[in-house]
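As structure tokens, the structure follows; a few thoughts come after it.
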Amino acid sequence: MDHDKREPWAVQVGAEKILAAEDMRDYAIFALDADGHVASWNEGAERLKGYTSDEVIGSHFSRFYPPEQIAAGYPDWELQQASEDGFFIDRGWRVRKDGSRYWAHVVIAAQRTPDGELDGFIKVVRNESEASARVERTRRRLADLFELAPSGIALLDADGWFLDANGALCDLLGYRLDDLVGRRDLDLLDPTDTGGGLVNGDTRSTGDLLVPHRVLARSDGTPVPCQVRAAASIRDDGSRSWLITFHDITEQLARAMTLRHQATHDELTGLLNRRGFQERLADLLPPDKPGSVAVLFCDLHNFKRINDALGHEAGDELLSAVAERLLAGLPPRCEVARFYGDEFVILCRDLDGDADLEAVTESVAELFRMTVPLRRRHVQVTASIGVKAVEDRNVDVVSLLRSAESAMLDARVRGQTLRGNDHDQLALEEELREAIAGEEIDLHYQPVVDNDGTVVIAEALLRWTHPELGPLTPDVVLAIASRGGMLAELDTCVLRTALREAMTWRRIDGGGAVKVAVNLSGLRPEQPGFADVVRSVLAETGAAPEDLVLEMVETVFAQLEPEQRQEMNDLVADGVQFAVDDFGTGYSSLAVLKELPTQIIKLDRMFVSGVGTDPDDLGIARAMTELARTLGRMCIAEGVETSTQHQLLRAVSVDAYQGYYFSRPVPAEEFRRYLAG
Ligand code: C2E
Ligand code: CA
Ligand code: CA
């Protein structure tokens with residue numbers, strides 16, 4: 001029951017005014033004599049309590065109370081309070097004539113005679129059942145909400161003791177409610193959480209606090225990351241308490257971690273990606289001691305070729321295999337990332353001087369030397385490695401990586417792993433340009449042999465001996481030429497040298513028709529003037545168009561629009577032949593192949609290498625030769641290394657063969673002797 005003597009309106013409203021308000025239909029207003037007998041009765045009283053005035057006047061007012069209150073002497077106590085203080089306000093259960101109860105709001109005002117004698121009481125009663133039911137419903141709804149809320153909710157006292165908690169919190173922390181009540185916030189924190197009590201100084205001062213990440217501990221010890229929100233509240237007894245909500249953020253954190261992982265890792269191999277690597281590297285800069293951190297930039301040899309020949313899936317498998325081997329074999333102080341394509345970059349820390357770095361580099365190079373079984377073939381892997389140690393305290397991540405990459409290119413150029421200074425790419429391009437201008441590009445020749453054992457074609461393969469770096473392989477030279485935009489000049493130079501040298505062995509050889517095959521990558525049939533360049537070199541060297549085979553890879557031909565084939569057609573009309581090089585690696589359609597003005601198909605050595613071990617490869621070789629025959633093309637198998645391969649290819653009617661089994665590419669002079677012998 002509510003005893004509230006301070007309710008202001010009750011003080012201001014005098015009894016007379018209330019009596020006058022007969023029209024206040026919802027109020028029971030009646031008078032009692034000094035002993036509590038009913039003296040007057042209004043309509044509202046009749047309506048509320050169910051008695052007519054005849055029935056009630058003269059009877060004691062306690063009949064309106066429930067028996068337990070009567071037994072406790074409560075009605076008389078109320079009157080006594082009113083007579084002492086002048087009035088009394090109350091809320092509580094009262095009883096109607098029919099025995100039903102209602103929730104009443106009661107004001108009792110004592111009436112006194114002018115000389116102060118107690119004269120009786122005026123009672124004003126309002127039925128508050130509805131209102132109280134509403135309050136009760138709201139209270140219950142809040143309680144339900146408390147229980148149903150998906151987040152954990154708890155009520156803590158000012159010192160952090162749990163007073164109450166909902167089911168969600170009990171579930172979240174794995175406690176029964178009575179286990180939880182009587183514990184302190186500090187008891188429920190995970191040891192990793194060093195944030196202090198949930199209701200600490202901050203909450204006390206601001207009264208409201210959101211902490212995005214606290215870690216609680218379940219009863220079994222598992223940590224539960226939570227977002228915690230605390231709001232100050234006042235309890236019924238006036239003391240301070242805290243209403244705290246706990247929102248489990250385990251999944252949210254997991255999602256954020258996944259996103260973060262995706263942003264910093266390579267999807268294919270699971271290694272760090274460029275971004276992840278840069279972050280890791282940035283953390284180590286500047287190093288405690290010069291030279292204790294280094295970057296190894298590694299690039300696979302031949303990856304593009306494998307990828308083109310065996311397909312992207314095989315390429316991906318290869319990269320995964322390399323990644324696995326590196327992960328398993330790298331020393332713990334090294335971490336590997338994959339940047340783009342076949343670039344693997346390794347970060348090494350805690351290095352102890354040059355010798356240590358050299359040892360690590362050598363072990364990394366050893367890891368890269370591997371054979372990967374791929375599509376029933378054994379693919380050899382090697383890599384060029386560029387090394388850059390951090391000597392300078394002010395170096396930044398980007399320029400460090402650039403130096404390492406440049407060192408890798410340098411290593412690639414030298415065909416070995418070495419510790420490079422930043423190589424001057426521009427100087428290299430300049431040197432190549434001068435070599436082309438001075439015709440210092442050497443050619444080696446490799447014979448193509450037909451089924452009678454006769455050399456029918458000599459393929460010219462370029463070699464460049466750099467004054468300091470030594471002999472460089474074609475892929476390196478081509479890369480430099482490509483960067484320097486001089487592929488066409490290089491091709492023209494090779495074309496001129498090849499035709500000139502072919503004229504010399506022809507004369508010695510006594511006129512046997514050995515054609516010379518030249519590879520083109522910068523001179524392209526779609527460029528206007530293509531035929532003119534070829535014709536003028538033929539004229540200049542005195543060679544006949546029939547002496548010349550021009551090799552281009554499948555993709556160059558495949559990209560030609562029909563109207564772009566005119567220059568090719570003109571040269572073919574002159575007697576020049578075209579060969580589709582590395583056939584099988586470019587996935588050309590038959591229709592394209594059929595329409596091209598080419599006379600020769602060169603089956604890529606990737607397929608030849610499996611002939612004899614892989615039935616698929618022999619099948620491919622057979623299909624190719626049949627195709628070539630159907631289209632009226634000559635079919636050459638490249639990369640024939642063994643007599644078994646030769647026999648089998650012969651059995652499927654390949655027209656001619658090229659490969660180490662017959663001869664390696666040899667210098668012009670040696671080739672001349674080969675022909676003579
Ligand atoms: P390609 O046109 O396919 O040339 C054949 C390559 O296969 C040569 O490599 C040759 O040495 C190698 N080879 C020959 N027989 C065998 C064998 O039995 N087994 C193995 N494993 N390999 C064999 P090389 O000389 O390193 O040339 C590589 C590529 O560089 C050539 O491939 C060609 O695409 C390009 N290239 C070479 N010289 C020139 C050139 O003068 N101009 C242009 N544009 N490209 C050239
Ligand atoms: Ca070729
Ligand atoms: Ca080839």
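Looking across segment 457-476, the residues that are within 16 Å of ligand 3 (Cβ to nearest atom) and surrounded by fewer than 21 Cβ atoms within 10 Å (Cβ to Cβ) come down to Leu461, Thr473, Pro474, Asp475. Is it the case that segment 579-600 has a residue that's open to solvent by 10 Å² or more (accessible area, probe 1.4 Å), part of a helix (DSSP H, G or I) and at pLDDT 85 or above? Within segment 579-600, not a single residue is open to solvent by 10 Å² or more (accessible area, probe 1.4 Å), part of a helix (DSSP H, G or I) and at pLDDT 85 or above.
The condition (being among the acidic types (Asp, Glu), open to solvent by 50 Å² or more (accessible area, probe 1.4 Å), touching an Asp or Glu at 6+ places or on another chain (Cβ under 7 Å) and more than 12 Å from ligand 1 (Cβ to nearest atom)) is satisfied by just one residue among Asp574, Asp655, Asp616, Asp570: Asp655. Among residues belonging to segment 296-348 that are within 17 Å of Glu366 (Cβ to Cβ) and among the basic types (Lys, Arg), point out the one that is least open to solvent (accessible area, probe 1.4 Å). Filtering first and then ranking leaves Arg333. Can Val125 be described as surrounded by fewer than 17 Cβ atoms within 10 Å (Cβ to Cβ) and touching a strand residue (DSSP E or B) at 6+ places or on another chain (Cβ under 6 Å)? It is false that Val125 is surrounded by fewer than 17 Cβ atoms within 10 Å (Cβ to Cβ) and touching a strand residue (DSSP E or B) at 6+ places or on another chain (Cβ under 6 Å).
For segment 508-542, what are the residues that are away from ligand 1 (no atom under 16 Å from the Cβ), surrounded by 15 or more Cβ atoms within 10 Å (Cβ to Cβ) and among the hydrophobic types (A, V, I, L, M, F, W, C)? Hits for segment 508-542 are Val514, Ala531, Leu538. Flag not set for Asp604, criterion: open to solvent by less than 30 Å² (accessible area, probe 1.4 Å), touching a residue at least 12 places away in the same chain (Cβ under 8 Å), closer than 19 Å to Ala309 by Cα and more than 16 Å from ligand 3 (Cβ to nearest atom). Assessment of segment 316-323 against the conditions (part of a loop (DSSP other than H, G, I, E, B) and assigned by TED's automatic domain parsing to the domain that holds Val397) yields no matching residue.
Taken over segment 651-669, the residue count meeting the criterion of being away from ligand 2 (no atom under 16 Å from the Cβ) and aromatic (Phe, Trp, Tyr) is 1.
Put simply, of Gly116, Gly99, Gly58, Gly120 the only residue that is of a type in the set (Gly, Ala, Ser) and part of a strand (DSSP E or B) is Gly120. Answer yes or no as to whether Arg375 is open to solvent by 50 Å² or more (accessible area, probe 1.4 Å), touching a residue at least 40 places away in the same chain (Cβ under 8 Å) and either basic (Lys, Arg) or not assigned by TED's automatic domain parsing to the domain that holds Leu318 (or both). Spelling it out, Arg375 is indeed open to solvent by 50 Å² or more (accessible area, probe 1.4 Å), touching a residue at least 40 places away in the same chain (Cβ under 8 Å) and either basic (Lys, Arg) or not assigned by TED's automatic domain parsing to the domain that holds Leu318 (or both). Checking each residue in segment 609-625 for being part of a helix (DSSP H, G or I) and either within 17 Å of Thr598 (Cβ to Cβ) or of a type in the set (A, V, I, L, M) (or both) picks out Leu618, Ile620, Ala621, Ala623, Met624, Thr625. Just one of the listed residues (Val640, Val592) is within 14 Å of ligand 3 (Cβ to nearest atom), without any contact (Cβ under 8 Å) to a residue 60 or more places away in the chain and β-branched (Val, Ile, Thr), namely Val640. The single condition from (1) touching a residue at least 60 places away in the same chain (Cβ under 8 Å); (2) within 16 Å of ligand 2 (Cβ to nearest atom); (3) surrounded by 17 or more Cβ atoms within 10 Å (Cβ to Cβ) that Arg672 fails is (2). Go through the residues of segment 633-650 one by one and say whether even a single one is among the β-branched types (Val, Ile, Thr), within 16 Å of ligand 2 (Cβ to nearest atom) and over 19 Å from Leu462 (Cα atoms). Yes, segment 633-650 contains a residue that is among the β-branched types (Val, Ile, Thr), within 16 Å of ligand 2 (Cβ to nearest atom) and over 19 Å from Leu462 (Cα atoms).
The values are calculated or read from the model by the stated rules, or taken from the named source; none is laboratory data. Quick caveat, the model's predicted, so the values are computed rather than measured. All Cβ positions, even for glycine, are placed from backbone atoms using ideal geometry, and neighbour counts span all protein chains on display. For the accessible areas, the whole protein counts, side chains as well, though only heavy atoms, and no ligand, DNA or RNA atoms are used. Shrake-Rupley method; radii C 1.70, N 1.55, O 1.52, S 1.80 Å.
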